[in-house]
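**Student:** Below you will find the structure I want to go over with you.
Bear in mind that the values in this text are calculations on the coordinates, not laboratory data. These figures come from a predicted structure and were not determined experimentally. As a convention, Cβ positions derive from the backbone with ideal geometry for all residues, glycine included, and neighbour counts pool all protein chains shown.
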Ligand code: NI
């Protein structure tokens, strides 16, 4: 049982399946699908639920902290983010971020502060880059049932959301920085 299942169960939205779960797979740069603009989600149905379950599964398998639907080759405006446990990163204490599913997310900066930090991307394995992002953001979105939700994020949490929303617009973090380096194992 994945967190997506338990979240869906809490929201009373387990839908009977008429077909086997599709196994979506991660795609990698330079796959041109990563450069396309994703479409607004209008149907909050079993297909969407299946997509989200796949996204959560891949994020967990790859030990990522976020994933966007186009990374599975699906051009829909869906992101998932999760920091399973508190971590220390570049001197910043990052608290856990519960699994959050954002459909049709829109973000806006809160204040003018920007901050640089290291990012990686599951679609660009073996690299990381030093990227400037808004330090505080607000977001609006819909949940998996189509209900509106809103929130705020700061620091690394805000960074993850900005990175994933970029994917929905065909933008990769490598577009936002010249400071890219390779690594064998990601420092954690
Ligand atoms: Ni990414």
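**Student:** On C-alpha positions alone, give me the angle between the axis of helix 155-168 and the longest principal axis of the chain, in degrees, nearest 10.
**Tutor:** The answer is roughly 60 degrees.
**Student:** Given only helices, namely DSSP H runs of n ≥ 4 each adding -39500 (n - 2.57), what is the per-residue ellipticity at 222 nm of the chain, to the nearest 500 deg cm²/dmol?
**Tutor:** -6500 deg cm²/dmol
**Student:** Given the convex hull over the Cα atoms of the chain, what projected area results after averaging over all orientations, in nm²?
**Tutor:** 10.6 nm²
**Student:** Would you mind checking the tilt of helix 46-61 against the longest principal axis of the Cα atoms of the chain, expressed as 0 to 90 degrees and rounded to 10?
**Tutor:** Long axis of 46-61 versus the principal axis of the chain: about 40 degrees.
**Student:** Contact order normalised by length for the chain, with contacts defined as Cα pairs under 8 Å and 6 or more residues apart; what percent is it?
**Tutor:** 22 percent
**Student:** In nanometres, what is the gap between the two model label sites at residue 178 and residue 87, each 7 Å from Cα along Cα-to-Cβ?
**Tutor:** Each label point is offset 7 Å from its Cα along the Cβ direction, giving 2.8 nm.
**Student:** So, one more: Highest first, please rank the peptides 136-146, 86-96 by the mean number of other Cβ atoms sitting within 10 Å of their residues.
**Tutor:** 136-146, 86-96
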